[in-house]
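The values are calculated or read from the model by the stated rules, or taken from the named source; none is laboratory data. Model, not experiment: these values are computed from the prediction. Ideal geometry is used to build each Cβ from the backbone, glycine not excepted, and the neighbour counts take in all protein chains shown.
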């Protein structure tokens, strides 16, 4: 856990936070057929590791079949959970929708869309915003910590992001945080005439039947794209299947071919972060990452021996959505967090073969 996240927990402990906990009944189009043999043994070992490290739900989808599902530590699979930064990766799908509709391109000039940005943002592209290489100064207290509270002090977080200074030239430095996601929300609103959550609900969630229990907003109504979603492991699994299958869901085309897999490409500044997803790529560890102690100290970031196409949506307290297209696999994990959790240890139990 980073020092910043420890600080947010301490700060939120003395002010009420938002919860969305109405149950979501299990309902999906997948077959449910429990794994067997060696596959089941591997999954059960990974699930046991998850449970021993604060796990609350663990589900595995192979193809169109749920081969393992379990609530853990007294948690019911119908209970929604805060995805925290696992929310970030939904923005990839909103981006795919706007591309499809001809409303946004990777190289579009962001200052032409958001003229209130600093002159230091000259040359900034949509692609750099999605890769978190915009160069904008992150505002942890105003855009992240404040957004978790019932009584927020920053009413319009989109405008707050627009007013932030730029501390690096666009494209040169990776900077993890919320600012780029609020900028992306403003870009979507400007180009689509509706907010990014509405885009997701209409064009992504509805076609695949994905339900959330709620989504945090700021006081003026901006959805918290960096960390706002509450849902279950089973619902998150649906999104993983859509990404794994590059915009197909249960044999039906939802988003254009290439759009979602295009989000699984890193940048020069950080080859291990795509357009909103963490990638199993090597990266100079001088790059400012997040939750470093949970990641591999060198080599491919998620698991040194893992598939090259292994990617993850990752949130505070070890929320994880692992996707491996080459293995036709999606794994959803919800958790209360544990400082001893390591992605590589879980993935080795799940995927390693004798």
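From the list 347, 321, 310, 301, which residue is modelled with pLDDT under 95 and surrounded by 24 or more Cβ atoms within 10 Å (Cβ to Cβ)?
Selected residue: 301, the only one of 347, 321, 310, 301 that is modelled with pLDDT under 95 and surrounded by 24 or more Cβ atoms within 10 Å (Cβ to Cβ).
Just checking: which of the strands (runs of 3 or more DSSP E) contained wholly in the stretch 306-354 hold 2 or more residues that are more than 18 Å from the chain's Cα centre (by Cα)?
none
Hey, can you tell me all the residues within the stretch 52-66 that are within 19 Å of residue 352 (Cα to Cα) and over 20 Å from the mean Cα position of the chain (by Cα)?
Answer for the stretch 52-66, where residues must be within 19 Å of residue 352 (Cα to Cα) and over 20 Å from the mean Cα position of the chain (by Cα): 62, 63.
Name the pairs whose Cβ atoms lie under 9 Å apart, with the first residue in the stretch 55-72 and closer than 15 Å to residue 322 by Cα, the second in a strand (DSSP E or B) and modelled with pLDDT under 95, and 6 or more positions between them or separate chains?
none
Among the candidates 190, 179, which residue alone is surrounded by 20 or more Cβ atoms within 10 Å (Cβ to Cβ) and modelled with pLDDT of 95 or more?
179
Please indicate, with yes or no, whether at least one residue in the stretch 289-297 is in contact (Cβ under 8 Å) with a residue 12 or more places away in the chain, surrounded by 17 or more Cβ atoms within 10 Å (Cβ to Cβ), touching a helix residue (DSSP H, G or I) at 6+ places or on another chain (Cβ under 7 Å) and not in a helix (DSSP H, G or I).
Within the stretch 289-297, one or more residues are in contact (Cβ under 8 Å) with a residue 12 or more places away in the chain, surrounded by 17 or more Cβ atoms within 10 Å (Cβ to Cβ), touching a helix residue (DSSP H, G or I) at 6+ places or on another chain (Cβ under 7 Å) and not in a helix (DSSP H, G or I).
Any idea which of 61, 117 is under 20 Å from residue 185 (Cβ atoms) and modelled with pLDDT of 95 or more? Break it down into steps so the answer makes sense when it comes.
Values: 61 fails: under 20 Å from residue 185 (Cβ atoms).
Exactly one of 61, 117 is under 20 Å from residue 185 (Cβ atoms) and modelled with pLDDT of 95 or more, namely 117.
Would you please list the contacts, defined by Cβ atoms under 8 Å and residues six or more apart or on different chains, that run from a residue in the stretch 147-171 that is on the phi < 0 side of the Ramachandran plot and buried (at least 17 other Cβ atoms within 10 Å of the Cβ) to a residue that is modelled with pLDDT of 95 or more and part of a strand (DSSP E or B)?
Sorted first by the residue in the stretch 147-171, then by its partner, the pairs are 161/136; 164/136; 166/136; 170/125.
Kindly establish whether residue 23 is assigned to a loop (DSSP other than H, G, I, E, B) and under 22 Å from the mean Cα position of the chain (by Cα).
yes
Give the number of residues within the stretch 89-104 that are touching a helix residue (DSSP H, G or I) at 6+ places or on another chain (Cβ under 7 Å) and surrounded by fewer than 18 Cβ atoms within 10 Å (Cβ to Cβ).
1
Okay, residues lined up against (1) closer than 20 Å to residue 31 by Cβ; (2) in a helix (DSSP H, G or I):
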{"residue": "199", "(1), (2)": "no, yes"}
{"residue": "202", "(1), (2)": "no, yes"}
{"residue": "207", "(1), (2)": "yes, yes"}
{"residue": "211", "(1), (2)": "yes, no"}
{"residue": "219", "(1), (2)": "no, no"}
{"residue": "242", "(1), (2)": "yes, yes"}
{"residue": "262", "(1), (2)": "no, yes"}
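Answer yes or no as to whether residue 261 is under 20 Å from residue 104 (Cα atoms), out of contact with any strand residue (DSSP E or B) (no Cβ under 6 Å at 6 or more places or on another chain) and surrounded by fewer than 20 Cβ atoms within 10 Å (Cβ to Cβ).
Yes; evaluated as a whole, the condition is true for this residue.
Please enumerate the residues belonging to the stretch 241-256 that are without any contact (Cβ under 8 Å) to a residue 60 or more places away in the chain and over 21 Å from residue 307 (Cβ atoms). Explain how you work it out, then say what you get.
Residues of the stretch 241-256 that are without any contact (Cβ under 8 Å) to a residue 60 or more places away in the chain, as a first pass: 248-249, 251-254.
Matches in the stretch 241-256: 249, 251, 252, 253, 254.
Quick check: is even one residue across the stretch 35-42 in contact (Cβ under 8 Å) with a residue 60 or more places away in the chain and either assigned to a helix (DSSP H, G or I) or surrounded by 14 or more Cβ atoms within 10 Å (Cβ to Cβ) (or both)?
yes
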